[in-house]
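Worksheet: the structure to be examined is printed underneath.
The values are calculated or read from the model by the stated rules, or taken from the named source; none is laboratory data. These numbers were taken from a predicted model, which means no experiment stands behind them. Note that we place each Cβ from the backbone using ideal geometry, even for glycine, and neighbour counts take in every protein chain shown.
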Amino acid sequence: MRRSWWKIASALLLIYTFVCGLLLDVPHLPALEETIRNLYFHVGMWFCMMTLFIISLVNSIRYLRNFNLKYDIYARQYATVGIIFGLLGYFTGAIWMSYTWADPNNPSFQSFSAVAREPKLIGTAIALLIYFAYLILRDSITDIDKRARISAVYNIFAFAMLFPTIWIVPRLLPSLHPGGQSGNPALDTRDIDPRMLMVFYPAVVGWTLLGVWITTLKIRINILKEKKMMQ
Amino acid sequence: MRSLNHIYTLLKKDLLLELRQQYNFYGVLLYIVATTFVLYLAIEEPEPKVWNGLFWIIQLFICINAVAKSFLQESRHRMLYFYSIAGPRDFVLSKLLFNSLLMLIMSLLSLVLFILFLRNPIQKTGAFIGLVLLGGWSLSLVFTFLAAIAAKAQQNAAIMAILGFPLIIPQLLLLMRLSNAAFDPSLAIPADTILLLIALDLMVILLAVILFPFLWKD
């Protein structure tokens, strides 16, 4: 009980997000209207993804420091769940986009190629491709120690290259997506109504905790599998 | 001082190998000529934007071809020998240097061929040559390190493309934007983007020096 307080907190925060996020009053802006509520879900996914990728990076570094295979499993599982949250972020963004950016005279499927050129969409597409490549590289090597070492090296290298992609490049290029040339691409608090911040912060924390929770379960399953293989 | 000596010796060994068995150099050269010629037949006079996109994509493929064998050619036993006479840092630095040199030559040659076959849409020639050198250098650094990973994973060059394409997109995007400015006399070439690219290159060198020792051990 003492160690599971954050799981309870995650569940409570997410219940709060869903109830208050859908019921509380939000500012009515042209073009956005009620879709603005997607902020609690779409942005929350990205925060969760970034956090999970950073934890994955930290575990790769820990692996290279003391070559404990446990950290390799951690790194891999955090990357996998990070990818899932990245895809969810992409999809929630696509739904939001089809109501706000897409040309109403044009089906959203046809305007996708124009919209996908957004610097932030490029950045996230690259992030997902990099982590898919990480998984492919990892699974292509059969020797356990070698696999752990090489994939840890690639994870660190890829993350360092990813930084400029999603934190610097979007600030240089013009974009429809809020945040960017003027400020922080993910979090521009001056731009968000205080009423929405009341739900937004708990939502971000809740999604991130949920991501970590799912990963810890996956890690436990995988460590058990490894143990079974050893016997 | 000793490590400089090691780097110099390893670099000299690579250059000598290249001079004695020139099939690799001529192989890449032939690759450049053939692709440019195919492009020339497929699209006679591309617009500047198309020219630019094609040029950088061809650079990417040239780089993979030129750099791929740098680590794959070294057999296990030879790696062991290098391990006993030099440190991993010297080894990776010599490879980075050698591949940078190779790629700079290849980039310039492909630029000449592009201008020869596909017209010359460049307005600021000096700036564009500088950009081509910077781009070739950036590409060679990233792909040298990926070649090391691919060689250690005992994979062919295909995995290099899978690993490298997503990583190189941001640099290619910045390079294409910069070279678009070189095609248009009214646009100024932004200095901060160039600095960003150079900073990225330095970061790749630093990462290679830090991470290669982990790849090296078997």
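Couple of notes before you dig in:
- Condition met for A:Phe18 (out of contact with any helix residue (DSSP H, G or I) (no Cβ under 8 Å at 6 or more places or on another chain) and surrounded by 11 or more Cβ atoms within 10 Å (Cβ to Cβ)): yes
- Residues that are modelled with pLDDT of 75 or more and surrounded by fewer than 21 Cβ atoms within 10 Å (Cβ to Cβ), drawn from region A:101-123: A:Leu121, A:Ile122
- Test: residue in region B:121-132 that is over 21 Å from B:Leu197 (Cα atoms), assigned to a helix (DSSP H, G or I) and not acidic (Asp, Glu): no
- Taking the numbered list (1) surrounded by fewer than 19 Cβ atoms within 10 Å (Cβ to Cβ); (2) at pLDDT below 90 in turn, B:Ile169 passes all entries but (1).
- Once region B:206-218 is narrowed to residues that are surrounded by fewer than 17 Cβ atoms within 10 Å (Cβ to Cβ) and part of a helix (DSSP H, G or I), the residue that is farthest from the other protein chains (Cβ to nearest Cβ) is B:Val209.
- Members of region A:64-73 that are on the phi < 0 side of the Ramachandran plot and surrounded by fewer than 24 Cβ atoms within 10 Å (Cβ to Cβ): A:Leu64, A:Arg65, A:Asn66, A:Asn68, A:Leu69, A:Lys70, A:Tyr71, A:Ile73
- So B:Leu41, is it out of contact with any Lys or Arg (no Cβ under 8 Å at 6 or more places or on another chain), under 30 Å from B:Asp90 (Cβ atoms) and in a helix (DSSP H, G or I): no
- All positions within region A:22-47 that are acidic (Asp, Glu) and part of a helix (DSSP H, G or I): A:Glu33, A:Glu34
- Subset of region B:181-205 (residues that are free of Cβ contacts under 8 Å to residues at least 24 places away in the same chain, assigned to a helix (DSSP H, G or I) and within 11 Å of chain A (Cβ to nearest Cβ)): B:Asp192, B:Thr193, B:Leu196, B:Ala199, B:Met203
- Of the residues making up region B:38-48, not a single one is surrounded by 15 or more Cβ atoms within 10 Å (Cβ to Cβ) and within 19 Å of the chain's Cα centre (by Cα).
- Residue in region B:157-180 that is more than 8 Å from chain A (Cβ to nearest Cβ), touching a residue at least 40 places away in the same chain (Cβ under 8 Å) and assigned to a loop (DSSP other than H, G, I, E, B) present: no
- Each residue in region B:122-156 was checked for being within 14 Å of chain A (Cβ to nearest Cβ) and among the aromatic types (Phe, Trp, Tyr), and 2 pass.
- Annotation for region B:55-71: no member residue is surrounded by fewer than 19 Cβ atoms within 10 Å (Cβ to Cβ), modelled with pLDDT under 80, under 19 Å from the mean Cα position of the chain (by Cα) and among the aliphatic types (A, V, I, L, M).
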